[in-house]
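The values are calculated or read from the model by the stated rules, or taken from the named source; none is laboratory data. Being a predicted model, the structure only gives us computed values, none of them experimental. FYI the Cβ positions are ideal-geometry reconstructions off the backbone, even for glycines, and counts take in every protein chain you see. When the accessible area is computed, the model is the full protein with side chains, heavy atoms only, and any ligands, DNA or RNA have been set aside. Shrake-Rupley method; radii C 1.70, N 1.55, O 1.52, S 1.80 Å.
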Amino acid sequence: MESPKTGADDVRWALTDLYDDPDALEKELTALETDAAEFAERYRGQVNDLGPEALAEALDALGALQDRLGRAQAYAYLHWTADTNDAERGALRQSVRETVDRIQQRLVFFDTEWVALDEEHVEGLLAHEALEDYRHYLETEYQRKEHVLSEAEEKVLSEKSITGKNAWTRFFDETLGAARFELDGEALTQEQILSKLYDPNRTVRREAAHCFTDGLKDHRRTLTFVFNTLLADKASTDRLRNYDHWLEQRNRANEVDDATVETLIEAVTGRYDLVARFYRLKKHLLGVEELYDYDRYAPIREADTTYEWGEARALVLDAYGDFHPEMAQVARQFFEGNWIDAALVPGKRSGAFSHGTVPSAHPYVFLNYTGKPRDVQTLAHELGHGVHQSLAREQSIFHHGTPLTTAEMASVFGEMLVFQRLMRNEQDPANRLALLVAKIDDTLATVFRQVAMNRFEHRIHTARRDQGELTPDQFAEHWMETQRAMFEGSVTLGEHYRHWWSYVPHFLHTPGYVYAYAFGELLVLALHARYEAADGGFADRYLNLLRAGGSDWPHALVGQMGVDLEDEDFWEAGLSHVESLIEEAEELAGQAALGPSSENGSPRTSS
């Protein structure tokens, strides 16, 4: 991969803050095996007899073990992402996975003994001040009581998952990872072919969509079998764990009740008119008679502003600093401490993320920086995660992370701060419109498309349990019906689009995950609206919210910001903000007076 001149060529992270080298990691894993065995020997069969202080002492020791295990996994993963072509790095990652799983099996007794305690006994323990730092973790674990099996059964499920679900998801990843899609005589990866959907040339977009479909069709039988197998695997696990419906386990992990999720889904599906409204505007801006599925992410024009790495750094830090000096101070550490890997180099994993590692270490941010305005937004997004993860290091390993529902809060908020700054700094109406349309594209994909995919998930999980194995055509029908409902006729879905359900990894890796994207986006839109309307004190309260990590229920934490997640009006407030973005785009479209691109002519009939 050839690196454009962005000033990010030498921006590589230093993993020595985790371990000096892989040999040090191997020694630590050996020590962890011994220490976990000693912990099990001391506490197995004893949890019922521990008083508050003794239980707190045991949790201190368990937390230290989990922190060390998390550090080992973080190093192996981050080391691999920097060069996925290196077989030794891949082997190290797999070896660490297997070793950590083996060690975790030694520790599973603690959870099974905790949930076996009498409820009155648990309430007495949780009321004691000695367990204050562990209260939320303990109460959420105890609420899983009816879904936790015996220690022996839990060990069997953990052991078999390596050759069961984990093996099938790895097979799915490697199948699509190895797949190549032929376009104009060039064999492209999935990410490369999908990136063509953002190309300003309509012919390129159309041909890319059809070539991607041809590749998926080549794997149709395999992918259908993988989906059916993993849907059945989840149904089996849900039965064993006594979950009432396919989404219950995910809702409990997200620490929200079923009613809140249903309210979110109903609110979003009830405003599908916003999707249609935006795509009618985009059809006009592109100057096409009919908008096809491959036109959705087409740029109305390429914003011609580019950002050197130093400029992007300054822009993000300034935007964060305007909000709160401490936010910029925390983010600055990522640049000064070599906690960011942004260079474009061969073998590097695609995409972007922020890895929180563990409280005893610090987060790392991963990017592939090209200098586009979208990359500045990505930097802002991942540093938002990084700030959240850094501030939450005040918590123990048990409360350091957050449920999926609030995991995107700080990232999207940070992105919003920088987007608003980009818009203020951009004076050209056409460039402002291009930035805004790209932002709305992302927002619709995060809110409405994810909920539409949740509706697809609901259908296929329900059908697999009620009817048995699904055919490729049945998967396709569920996909097309839930996608058409979202677009309300504003986008024409070609016949090729019937196959596009089969490449989405979240459906297999984390069933039920996708609605959390909409949850986080709408939460941030509502919070940002409150920030703009607040007289003062919002920024301090917001940073305190980030410091809290996952130490309380999401509704209790965000309730400190004046937000009621159980109020239908809350979701409507976020959706109203989406509507205001579309209204702004409509107004800018009149000011910019953009003519349709010559590259976006009337399409030939879509096959």
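FRET efficiency for Ala167 and Asp83, Cβ-Cβ distance as r, R0 = 22 Å, nearest 0.05? Efficiency computed from Cβ-Cβ geometry: 0.35. Residues whose amide H comes within less than 5 Å of that of Asp341, counting only those at least five positions distant or on another chain, are Trp13, Val365, Phe366, Leu367 (H built at 1.01 Å from N in the peptide plane). Check which residues have an amide H placed less than 5 Å from Tyr292's amide H, if you skip close sequence neighbours. Those qualifying (amide H under 5 Å, at least 5 residues apart or on another chain) are Thr492. Amide H contacts of Leu188 (H built 1.01 Å from N, in plane; Pro and chain starts excluded): Phe181, Glu182, Leu183 sit under 5 Å, all sequence-distant by 5 or more or on other chains.
Please work out the Cα center distance from the range 29-91 to the range 439-493, rounded to the nearest Å. Result: 39 Å between the Cα centres. Within the chain, DSSP assigns beta bridges of which about 65% are antiparallel (rounded to the nearest 5).
Karplus-based coupling profile of the range 83-97, in residue order and whole Hz: 7, 6, 7, 7, 4, 5, 5, x, 5, 4, 4, 5, 4, 5, 3, with θ = phi - 60° in 6.51 cos²θ - 1.76 cosθ + 1.60 and x standing for Gly or Pro.
Please say if the range 253-378 is rounded, prolate or oblate, where rounded means a/c under 1.5 for a ≥ b ≥ c the square roots of the C-alpha gyration tensor eigenvalues, and otherwise the choice is prolate for a/b larger than b/c and oblate otherwise? Verdict is oblate for the range 253-378. Accessible surface area normalised per residue over the range 211-343 is 41 Å², counting heavy atoms of protein chains with a 1.4 Å rolling probe.
Remark on the range 1-144: hydrodynamic radius 17.7 angstrom, per the Kirkwood mean of 1/r across alpha carbon pairs. Placing dummy labels 7 Å off each Cα toward the beta-carbon, the span from Ala130 to Ser236 is 4.3 nm.
Rounded to the nearest 20, the Cβ-based charge dipole of the range 455-545 about its Cα centre (Lys and Arg +1, Asp and Glu -1) stands at 160 debye. Taking the 1.4 Å solvent-accessible surface of the chain as the whole, the part contributed by carbon and sulfur is 45%. Straight-line cross-link reach from Lys283 at under 20 Å between alpha-carbon atoms covers these lysines, not counting any fewer than eight positions away in the same chain: Lys196, Lys439. If the chain linking Asp244 and Arg144 were pulled fully straight, counting 0.36 nm for each residue of separation and taking away their Cα-Cα distance, it would gain 34.7 nm. Here the peptides 455-462, 143-150 are ranked by packing, the mean other Cβ count within 10 Å, and the order with the highest first is 455-462, 143-150. Take the Cβ atoms of Arg221 and His324, set R0 to 60 Å, and the FRET efficiency comes out at 0.65. Along its three principal directions, the equivalent ellipsoid of the range 375-422 from the Cα gyration tensor extends over semi-axes of 23, 10, 7 Å, largest first.
Sorting the segments 494-500, 183-189 by their mean number of nearby beta carbons within 10 angstrom, highest to lowest, gives 494-500, 183-189.
The order of the peptides 85-91, 328-334, 505-511, 364-370 by mean Cβ neighbours within 10 Å, most packed first, is 364-370, 328-334, 505-511, 85-91. Of the cross-linked pairs Lys27/Lys165; Lys217/Lys282; Lys155/Lys234; Lys5/Lys282; Lys27/Lys155, those separated by over 23 Å at the C-alpha level are Lys27/Lys165; Lys217/Lys282; Lys5/Lys282; Lys27/Lys155. Sequence-ordered 3J(HN,Hα) estimates for the range 7-19 from the Karplus curve with 6.51, -1.76 and 1.60 and θ = phi - 60° stand at x, 9, 4, 9, 7, 10, 7, 10, 7, 5, 5, 8, 8 Hz, glycine and proline given as x. Subtracting the Cα-Cα distance of Thr16 and Leu157 from 0.36 nm times their residue separation leaves 47.3 nm of extension gain. Residue by residue, the range 545-557 carries 3J(HN,Hα) couplings of 4, 5, 4, 5, x, x, 7, 8, 5, x, 5, 6, 5 Hz when phi is fed to the Karplus relation 6.51 cos²θ - 1.76 cosθ + 1.60 (θ = phi - 60°); x denotes Gly or Pro. Residue ranking by accessible heavy-atom surface, 1.4 Å probe, largest first, among Lys165, Lys234 comes out as Lys165, Lys234.
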